[in-house]
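What follows is a set of notes on a single structure, which appears directly below.
The values are calculated or read from the model by the stated rules, or taken from the named source; none is laboratory data. This is a predicted model, so every value here is computed, not measured. Here the Cβ is made from the backbone with ideal geometry for all residues, glycine too, and neighbour counts use every protein chain on show.
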Amino acid sequence: MSGASPATPAPTTPAPATPSPATPASATSASATPGSGSPSPADSASDGGTEPVTLADLVARARRRLDAPLSDRRPEWIVGSVAGVPDGALGAALGRRVDAETEAHVDALVARCAAGEPVQYVVGVWPFRDLDLTVDARVLIPRPETEGLVELALREVSPSLGPGGRKVVDGEDSEVPVCDLGTGSGAVALSLAFEGPPTLRLWAGDDSDAALEVARRNLDRLAATTPDAAARVRLVSGSWFDALPTTLAGRIRLVVSNPPYVAASEWEGLEPEVRDHEPRHALVPGPSGREALELLVDGAAYWLAPVGALVLELAPDQAEPLAQRARSAGSFDEVVVAPDLTGRARYLVARRDRG
Ligand SMILES: C[S@@+](CC[C@H](N)C(=O)[O-])C[C@H]1O[C@@H](n2cnc3c(N)ncnc32)[C@H](O)[C@@H]1O
C-alpha cells in the first residue's frame, strides 16, 4: 500500500542507490557512473527551445545527464516527485506538458543527483513498508533490510502465539511497551505503530536531536493520515536505554534496533554516496562496529519484561559473535540468528520466557 504522498516512488521499488550501512564500496550503485549533470546545448529547453516540453522529455533529459541505464529509475522518481505524479501513474502522464518552473526544478534536482547525492535525499520522501517518510541528510536513508527487521519485530508482538508458542502479547494486555532505539527517521517505530497491534506503546529514541526533528516530521505525517497509530508513539532523546523513563524497567516486551554497526576502519571504504552524504553517527558506533550492538545486548535484560524479545539488525559477520554474547549472558532463553531475503545473517532475535 502506498502512503500519504502522491508523488512518492512505489514502495515496492528497491532503494537503488544506497547499500546497507555495513556494505562497503563493492556494492552496486545505480548511480555509480553519474554524468556531469550540466545541461548540454542539446539539453536546453525542449532540446530546441520552441517545442513544448513534456514529462517524457524531462525523463529522457534526466537519463542523459545521469548517464543512467533504463534499469535506473532515478529519472522517473525525480520527475514524478516534482510533477506530483505517483510512480505508478507516471507512464500515463508522460505526454503532459510542463512549465519552465517545473523544468528548472527537475534540472536542479538532477544536478544534485549527478553530483553524487542519494536520490532519496534529493526527492526528500522515500517509501518504507507502508509509509512514505521524509528523509534528509540528518538521518540514515531507511534500507530494504530494515523492512525485514520490522517484519521480525511484528512477529514477536503478534497477538496470537508468537515464535516458540510464547504469548508476548495477549488479549488481556491494555498496553504493550516497545522501544525502538536509534530511531533516526522513525522508520521502525512508526511502521510498528502503523502495522502492529493497537495495544503497542512505542518509545522511539535517538541521541541526535537533528534526527529526532526528522522523526517528529514523520510522526506528524502519520498523525495526518492515521492519528490513532501516531498517538501510540513517543519520541525520546538520549543515548540508547538512557532515553527511556525508568518506570519502563523490567516492563518492555520488545526492544528493537537498527544501530550503527560499521567499524571505523570500514568508513573510508563505503560508497562515496553513503560516506559523503549520510550521517557518520548513524553508521559508525566506534572502532569495532559492535559497540552499540553489545550495549543493547547487555542492557536489554534490565529493561525487558519476563516475557519479551530483543530484535537487532547487524552485519553478517557480527551475527554469531553477538548471538554468543547473548547466550552467555544468561538473560535470554532462546537466541537465534535470522537471514534477510538474500539469505545473509542480518538479524539477532533473543527471547526470554520467564513469565
Ligand atoms: C543505522 S541508523 C538507524 C536509523 C533508523 N532506525 C533506520 O533503521 O533507518 C542508527 C541511528 O542510531 C542513532 N544513534 C547513534 N548513536 C546513538 C546513541 N548513543 N544513542 C541513541 N541513538 C544513537 C543515530 O543517530 C541513527 O539515527
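Values as computed for the structure displayed
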| item | result |
| --- | --- |
| Helices (runs of 4 or more DSSP H) within the stretch 245-355 that include 2 or more residues within 16 Å of the ligand (Cβ to nearest atom) and either modelled with pLDDT under 95 or of a type in the set (Gly, Ala, Ser) (or both) | 291-303 |
| Those residues of the stretch 215-240 which are in contact (Cβ under 8 Å) with a residue 60 or more places away in the chain and within 9 Å of the ligand (Cβ to nearest atom), in sequence order | Ala215 |
| Residue ID - nearest to the ligand (Cβ to nearest atom), chosen from residues in the stretch 179-199 that are under 14 Å from Ala229 (Cα atoms), modelled with pLDDT of 95 or more and not small (Gly, Ala, Ser) | Val188 |
| Qualifying residue in the stretch 303-317 (condition: surrounded by fewer than 21 Cβ atoms within 10 Å (Cβ to Cβ) and within 29 Å of Trp267 (Cβ to Cβ)) | yes |
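Residue by residue, here is whether (1) within 16 Å of the ligand (Cβ to nearest atom); (2) surrounded by 21 or more Cβ atoms within 10 Å (Cβ to Cβ); (3) not hydrophobic (A, V, I, L, M, F, W, C) holds:
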residue	(1), (2), (3)
Gly95	no, no, yes
Ala100	no, no, no
Ala108	no, no, no
Cys113	no, yes, no
Glu117	no, no, yes
Val135	yes, yes, no
